[in-house]
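*Asks:* What follows is a structure written as structure tokens; I'll ask about it next.
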Amino acid sequence: MKFPSPSSAESVAAITNLTRRFGSRTVLDEVSLYVPRGGVFGLVGENGAGKTTLIKHILGLLKAESGTVRVFGLDPVADPVGVLGRIGYLSEQPDLPGWMRVDEFLRYTRAFYPNWDANYAETLRAQFGLDPAQRLKTLSKGQMAKAGLLAAQAHRPDLLLLDEPSSGLDPMVRRDILEAVIRTVADEGRTVFFSSHLLEEIERVSDHIAMVHQGRIVLCGSLDEIKAQHRRFILNFETAQSKPPAIAGILSISGTGKEWAVICNGARAELPAIAAGLGARIVAEQVPSLNEIFVAHAGTTTA
Amino acid sequence: MQINITSHDGVPIYIQIVNQVKHLAASGRLTPGDELPPIRVLAEQLVVNPNTVARAYLELERTGLVTKRHGSGTYVSETRAPLPQREKIKILASRADALLTEARHLDVDLAEIIKLLRERDELMEKEIRK
């Protein structure tokens, strides 16, 4: 089996200098992002960072105020049919017609997608344990998410777009969602764009990630590169420090007493000398988890 | 093949897979000729990106532990890889350093570590014979 290399493929979505304001609040600030074809692109950021607004621009639900958005090379606002027909979308709170039965909902959704695969839809329905005769409004939150996932997947979209799909769901449903991500990307050439604040999930399934913080992209690249760039150094000071020691050029420092952990971007060859100057030595050099990298960039560490 | 992935420490997932397959082979739970699950199957089982599994398999193939048979699958090699001795020692040295560091922190002396290694080795030997 061959999986497309994300780095060599053309982009599925290209966003250039996108800025968006709601009133006086700048929600997206000069965002540029390229989602390569094939693979999983993880978008991380805290609540209110601008993730959903970004996704709404990809879907053409919001028009770019300044900057450009291209999906499959098309403008999603000008050509919704050409774009949306190739996207499967699941939002955090799927807005499904509650009065429909599961089987009615599937027939209804099918009408929108020429590529709808009825056999695949039935396989997924059985796998997800959805009763065809049940009304959507009587489904549990987890079943509702599965129904939404089924509708997003059964036309085998070129781009599966998931906005915080795991939010508030139990581990079983989250696993179903992540398996759908993996199945989609294992089908050659398909792409998943996936936003989450659950960094462990993002780390497991993503090839590429972008980190959005207060409307700006603070980090973007292949997960391997990002992990390889960052380091966690454990510093051991000769004497206990009552407040975080000031070290230039680092992302964050946290700890108590004699031991402090420093997160850096880059090799930081000068760090041993700086540490020595402060009366500390480096006792360990480690690769931080994505969660630690994110917290360091978001600047919300508490010492 | 049972593998556990954790995201808590920073160890890249493909390296976790590589290390655990090596461990399974070393402890006899994978024997020469055994087939590894297809990439897609293992990816779904572990809930990790298929590219990550593909990369782990490539790495295992590079070290000679597994062999890819064209159009069929990935199998544990019949003959153990001719990994140069120098390379083997290099891999083990970093593991030994980690163990010794931990031991120093815990105030456990070298003699006790050596004793522990013997005991674990005997245990592993028993597992293999079973």
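The values are calculated or read from the model by the stated rules, or taken from the named source; none is laboratory data. Only a predicted model underlies this, so the values are computations on that prediction, with no experimental measurement involved. Please note: Cβ atoms are built from the backbone with ideal geometry, for glycine as well, and neighbour counts cover all protein chains shown. For accessibility, only protein heavy atoms count, side chains too; no ligands or nucleic acids. Shrake-Rupley method; radii C 1.70, N 1.55, O 1.52, S 1.80 Å.
*Asks:* Taking the condition of being touching a helix residue (DSSP H, G or I) at 6+ places or on another chain (Cβ under 6 Å) and at the interface with another protein chain (Cβ under 10 Å from one of its Cβ atoms), how many residues in segment A:190-204 meet it?
*Replies:* The total comes to 3.
*Asks:* Would you mention how many residues in segment A:265-296 are within 14 Å of another protein chain (Cβ to nearest Cβ) and among the aliphatic types (A, V, I, L, M)?
*Replies:* So the answer is 8.
*Asks:* Here is a follow-up. Checking the condition more than 22 Å from A:ILE182 (Cα to Cα), away from chain A (no Cβ under 11 Å), touching a Ser or Thr at 6+ places or on another chain (Cβ under 7 Å) and open to solvent by less than 40 Å² (accessible area, probe 1.4 Å), which residue from B:GLY33, B:GLY64 passes?
*Replies:* B:GLY64
*Asks:* I'm checking my understanding of the structure. Among residues of segment A:74-89 that are touching a strand residue (DSSP E or B) at 6+ places or on another chain (Cβ under 8 Å) and not hydrophobic (A, V, I, L, M, F, W, C), which one is most open to solvent (accessible area, probe 1.4 Å)?
*Replies:* Here the residue is A:ARG86.
*Asks:* Give me the strands (runs of 3 or more DSSP E) completely within segment A:225-303, filtered to those with at least 2 residues that are under 25 Å from A:SER196 (Cα atoms), ordered by residue number.
*Replies:* Strands (runs of 3 or more DSSP E) meeting the threshold: A:230-241, A:252-265.
*Asks:* Ok, one more. When only residues in segment B:99-119 that are within 18 Å of A:VAL283 (Cα to Cα) and surrounded by 10 or more Cβ atoms within 10 Å (Cβ to Cβ) count, which is farthest from the chain's Cα centre (by Cα)?
*Replies:* This residue is B:ARG104.
*Asks:* Right, here's the next one. Going residue by residue through segment A:240-260, is there one that turns out to be in contact with a Lys or Arg (Cβ under 7 Å, 6 or more places away or on another chain) and touching a residue at least 24 places away in the same chain (Cβ under 8 Å)?
*Replies:* No, segment A:240-260 has no match at all.
*Asks:* Return yes or no: is B:HIS8 more than 10 Å from every other protein chain (Cβ to nearest Cβ) and under 27 Å from A:GLU292 (Cβ atoms)?
*Replies:* Spelling it out, it is not the case that B:HIS8 is more than 10 Å from every other protein chain (Cβ to nearest Cβ) and under 27 Å from A:GLU292 (Cβ atoms).
*Asks:* Then there's this: For segment A:122-144, enumerate the residues that are among the aliphatic types (A, V, I, L, M), in a helix (DSSP H, G or I) and open to solvent by 10 Å² or more (accessible area, probe 1.4 Å).
*Replies:* A:ALA126, A:MET144
*Asks:* Right, something else. Among the residues of segment A:207-225, write down those that are small (Gly, Ala, Ser) and within 8 Å of the chain's Cα centre (by Cα).
*Replies:* Once the filter is applied, which keeps residues that are small (Gly, Ala, Ser) and within 8 Å of the chain's Cα centre (by Cα), segment A:207-225 yields only A:ALA210.
*Asks:* From A:GLY67, A:GLY82, which residue is more than 14 Å from every other protein chain (Cβ to nearest Cβ), over 24 Å from B:VAL48 (Cβ atoms) and modelled with pLDDT under 90?
*Replies:* A:GLY82
*Asks:* Just for helices (runs of 4 or more DSSP H) wholly inside segment B:23-130: which have at least 2 residues that are among the polar types (S, T, N, Q)?
*Replies:* Those helices (runs of 4 or more DSSP H) span B:50-63, B:85-105.
*Asks:* Here's something else I'd like to know. Only one residue in B:ALA43, B:ALA26, B:ALA56 is more than 14 Å from every other protein chain (Cβ to nearest Cβ) and open to solvent by less than 60 Å² (accessible area, probe 1.4 Å), so which one is that?
*Replies:* B:ALA26
*Asks:* For segment B:12-23: of the residues being open to solvent by 20 Å² or more (accessible area, probe 1.4 Å) and more than 7 Å from chain A (Cβ to nearest Cβ), which is nearest to A:ILE182 (Cα to Cα)?
*Replies:* Among those that are open to solvent by 20 Å² or more (accessible area, probe 1.4 Å) and more than 7 Å from chain A (Cβ to nearest Cβ), it is B:TYR14.
*Asks:* Please verify whether A:GLU201 is assigned to a helix (DSSP H, G or I) and open to solvent by 10 Å² or more (accessible area, probe 1.4 Å), treating the condition exactly as stated.
*Replies:* yes
*Asks:* Quick one: is A:GLY50 under 30 Å from B:ALA54 (Cβ atoms) and either of a type in the set (A, V, I, L, M) or in contact (Cβ under 8 Å) with a residue 40 or more places away in the chain (or both)?
*Replies:* Taking the combined requirement at face value, the residue does not satisfy it.
*Asks:* For segment A:90-112, what are the residues that are farther than 12 Å from A:GLY148 by Cβ, open to solvent by less than 50 Å² (accessible area, probe 1.4 Å) and outside any helix (DSSP H, G or I)?
*Replies:* Within segment A:90-112, A:GLY98, A:MET100 qualify.
*Asks:* So which pairs qualify, if the first residue must be in segment B:91-107 and farther than 25 Å from B:THR63 by Cβ, the second must be of a type in the set (A, V, I, L, M) and open to solvent by less than 70 Å² (accessible area, probe 1.4 Å), the Cβ gap must be under 7 Å, and the two must be at least 6 apart or on different chains?
*Replies:* B:ALA103/B:ILE113
*Asks:* While we're on this one: Does segment A:205-231 hold any residues that are over 25 Å from A:VAL27 (Cα atoms), facing another protein chain (nearest Cβ under 8 Å) and at pLDDT 90 or above, and which are they?
*Replies:* A:VAL205, A:ASP207
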